[in-house]
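In what follows, a structure is listed as structure tokens, so that the remarks can point back to it.
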Amino acid sequence: TDYTIDVDTSRTGAKIDDSMYGVFYEDINRAADGGLYAELVQNRSFEYDTADNRSYTPLTSWDTKGAAKVVNDGGRLNERNRNYLTLAADASVTNSGYNTGIAVRKGERYDFSVWARTDGAGRAPLTLTLHDASGELASARRVAPRGGWAKHEVSFTAKRTSATGRLTVASGGAPVALDEISLFPRDTYKGRENGLRKDLAEKIAALEPGFLRFPGGCLVNTGSHEAYEEKSGWQRARSYQWKDTIGPVEQRATNANFWGYNQSYGLGYYEYFQFAEDTGAMPLPVVPALVTGCGQNKATDDPALLKRHIQDTLDLIEFANGPVGSEWGKKRAEMGHPEPFKLTHLGVGNEENLPEEFFARFKQFRAAIEAKHPEITVVSNSGPDDSGTVFDKAWQLNRDADVAMVDEHYYNSPQWFLENNDRYDSYDRQGPKVFLGEYASQGNTFGNALSEAAFMTGIERNADVVKLASYAPLLANEDYVQWKPDMIWFDNDQSWGSANYETQKLFMRNVGDEVVPSEASGTPATSGPITGAVGLSTWATSAAYDDVRVTGADGEPLLTDDFSAGDAKWSRAAGRGTWAVEDGAYVQSDASAENTLVTAGDKGWQNYDLTVKATKKSG
Ligand code: AHR
């Protein structure tokens, strides 16, 4: 085949910033608890709740023996950690961790801690054992609490390697109250206390990310914007409010995650900033704008609440950058980081489907931030789609408001990525810059990775307009998948990068300084159709519909390798927050809508007309 690339070294193209390629981190697919956050005990503070997931109770992942019960009364550890466990004089509880269990490696140290309170005058000895079906994994240890709530710590050395460990805490001779039962590997990423799982953090660090966007995604701005306090009935399913996630871990009020599980917030804003610093990435937090996206589409109209969230955002900047003498800079210093975290960019909002309502609020956030911190770039977004009415309207509002940077998201077929290499060639050079905050072709095959690589050459060619780009989502625990494809996969003791990870690594570790203009002519050789895993361009939440069915154009239930009508697999892959499909579905505009399912078979990529049928929940 005759194929030529002419490189013109006499001209210079766009300059490429070092921060061009980064990572989009969201606590989806159990990316935080049971993932990047190295805590090995699941539901350590007994705060799991049916509001987090229908199947949860305060004793989820715990087995009890003898008289052991969860109590919610005035004897609690603190107001933000409301449940605790009582063990009678001769009882025990056993935690089963995540996935197959608690993973330990022979010869490594594990740090155990527990908050305990005894009601009697004497001591209440506790015996701690780490074991699996084959017996002891470490010699048993003891602590002997006495008196009011206090933290007790002890460490283990694992005698064997196991991925199916259990942790048992047994009382002996006196009743005792327990909370915040924790087990951490000593060997976390960079040896940080309350740290990150090393293999996962190292895989992310190996990308040499230019930036770290956190904490999501849909979990940022969905749910209630109320605070966690008695007045709001100890509101769960709150939007991601950063102040909930700092300070001593036993005082961080857990929350219901938009993706259908509990978030302990043990991995919170301090830890995210520190991880960004440790990996050399620019931190890029995103805060809720009081207009929910991701199918909830609700604009909160409460000036006092808006004012509080705007103040929280100013406080966040102070937490990141303020001097140690300032209120929030002091809190950062108390947590161990007196130096500033060098925050320069901050996102407000994520995928709002109501552009007018979003902009009314975004502009108030931006005005307050710019008045106090003109050095901060405030990032807006273009809504949930890569084209269409909301997208056009959002872009027009962004341009009219002279916004500095707009976050775009899209998940499309590999064919789309191949056909849209020129997407940014025509973007207005005078308008807002682009932060391509989320994108992926629908699959984790080599074909998908190749189509993304091809597309990235187009991003890079337009590096004067596209300033930041990140594949999404980053992490997936294979036993808790709400969304796929994902870049890095893991279970409780292993992790592996996808083909897409390798593409990202290649580009991210080899960021050029500037584009050298080139032109191609001729037709490159083709090697047959690109195939990949299934992807679904719609997704669901449990808000308003039930009786969901997914059928093909012929009305037959749609069955493919990865999706089948009406089962939980479909709902998880479609990005839902809950596990069972009959619980409800989000449909873009109406109770019934047409979407496109792209699937792969031996004939290559094909389009199917996909109909999502849902009936409104009664009441
Ligand atoms: O990356 C998964 C989800 O996709 C994000 O939470 C959301 O922003 C987008 O719809």
Can you pull out the strands (runs of 3 or more DSSP E) entirely within the range 354-454 that have at least 2 residues that are farther than 24 Å from Gly295 by Cβ?
377-381, 433-441
Test Gln396 against the criterion of being over 24 Å from Glu438 (Cα atoms) and surrounded by fewer than 19 Cβ atoms within 10 Å (Cβ to Cβ), and give yes or no.
no
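Only one of Ala289, Ala276 is closer than 23 Å to His345 by Cβ, touching a Gly at 6+ places or on another chain (Cβ under 6 Å) and modelled with pLDDT of 95 or more. Can you tell me which? Step through it out loud before you land on a result.
Values: Ala276 fails: touching a Gly at 6+ places or on another chain (Cβ under 6 Å).
Selected residue: Ala289, the only one of Ala289, Ala276 that is closer than 23 Å to His345 by Cβ, touching a Gly at 6+ places or on another chain (Cβ under 6 Å) and modelled with pLDDT of 95 or more.
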For the range 177-221, what are the residues that are hydrophobic (A, V, I, L, M, F, W, C) and part of a strand (DSSP E or B)?
Ala177, Leu178, Ile181, Leu183, Phe184, Leu196, Phe211, Leu212, Phe214
Determine which member of the set Gly165, Gly223, Gly216 is within 28 Å of Thr50 (Cβ to Cβ), crowded, with 20+ Cβ neighbours inside 10 Å and at pLDDT below 95.
Gly223
I need the full set of residues from the range 217-258 which are under 23 Å from Phe319 (Cα atoms), of a type in the set (A, V, I, L, M, F, W, C) and within 15 Å of the ligand (Cβ to nearest atom), in order please.
Leu219, Val220
Please work out which residue is surrounded by the most Cβ atoms within 10 Å (Cβ to Cβ), limiting yourself to the range 297-343 and to residues that are of a type in the set (Phe, Trp, Tyr) and touching a residue at least 24 places away in the same chain (Cβ under 8 Å).
Phe319
Any chance Val169 is within 16 Å of the ligand (Cβ to nearest atom), touching a strand residue (DSSP E or B) at 6+ places or on another chain (Cβ under 7 Å) and outside any loop (DSSP other than H, G, I, E, B):
no
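Going by the structure shown, is Asp386 surrounded by 14 or more Cβ atoms within 10 Å (Cβ to Cβ) and more than 16 Å from the ligand (Cβ to nearest atom)?
Answer is no for this residue.
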The one condition in (1) part of a helix (DSSP H, G or I); (2) closer than 21 Å to Pro374 by Cα; (3) touching a His at 6+ places or on another chain (Cβ under 7 Å) that Leu305 fails to fulfil
(2)
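Here is a yes/no grid of residues against (1) at pLDDT 95 or above; (2) surrounded by fewer than 20 Cβ atoms within 10 Å (Cβ to Cβ); (3) within 15 Å of the ligand (Cβ to nearest atom); (4) not aliphatic (A, V, I, L, M):
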| position | (1), (2), (3), (4) |
| --- | --- |
| Phe446 | no, yes, no, yes |
| Ser470 | yes, no, yes, yes |
| Pro473 | yes, no, yes, yes |
| Val516 | no, yes, no, no |
| Thr526 | no, yes, no, yes |
| Thr531 | no, yes, no, yes |
| Trp539 | no, no, yes, yes |
Given the conditions (1) among the aliphatic types (A, V, I, L, M); (2) closer than 21 Å to Val23 by Cα; (3) not in a helix (DSSP H, G or I), which single one is not true for Ala174?
(2)
Is there any pair with a first residue in the range 414-439 that is in contact (Cβ under 8 Å) with a residue 40 or more places away in the chain and a second that is in a helix (DSSP H, G or I) and within 16 Å of the ligand (Cβ to nearest atom) whose Cβ atoms are under 7 Å apart and which are 6 or more apart or on different chains, and what are they?
Pro414/Asn448
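Being among the β-branched types (Val, Ile, Thr), more than 16 Å from the ligand (Cβ to nearest atom) and over 15 Å from Asn81 (Cβ atoms) is the filter here, so list the residues in the range 17-53 that pass it.
Thr50
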What are the residues in the range 259-280 that are buried (at least 24 other Cβ atoms within 10 Å of the Cβ), part of a loop (DSSP other than H, G, I, E, B) and more than 16 Å from the ligand (Cβ to nearest atom), if any?
Ser264, Tyr265, Leu267, Gly268
Would you mind telling me which numbered condition in (1) within 14 Å of the ligand (Cβ to nearest atom); (2) in contact with a Leu (Cβ under 9 Å, 6 or more places away or on another chain); (3) not β-branched (Val, Ile, Thr) Gln482 fails?
(2)
Taking the condition more than 30 Å from Val114 (Cα to Cα) and either in contact (Cβ under 8 Å) with a residue 60 or more places away in the chain or within 16 Å of the ligand (Cβ to nearest atom) (or both), does Val7 pass?
yes
The range 26-67, residues that are more than 18 Å from the chain's Cα centre (by Cα) and hydroxyl-bearing (Ser, Thr, Tyr):
Ser45, Tyr48, Thr50, Ser55, Tyr56, Thr57, Thr60, Ser61, Thr64
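The values are calculated or read from the model by the stated rules, or taken from the named source; none is laboratory data. Please read all numbers here as calculations on a predicted model, not as lab measurements. Ideal geometry is used to build each Cβ from the backbone, glycine not excepted, and the neighbour counts take in all protein chains shown.
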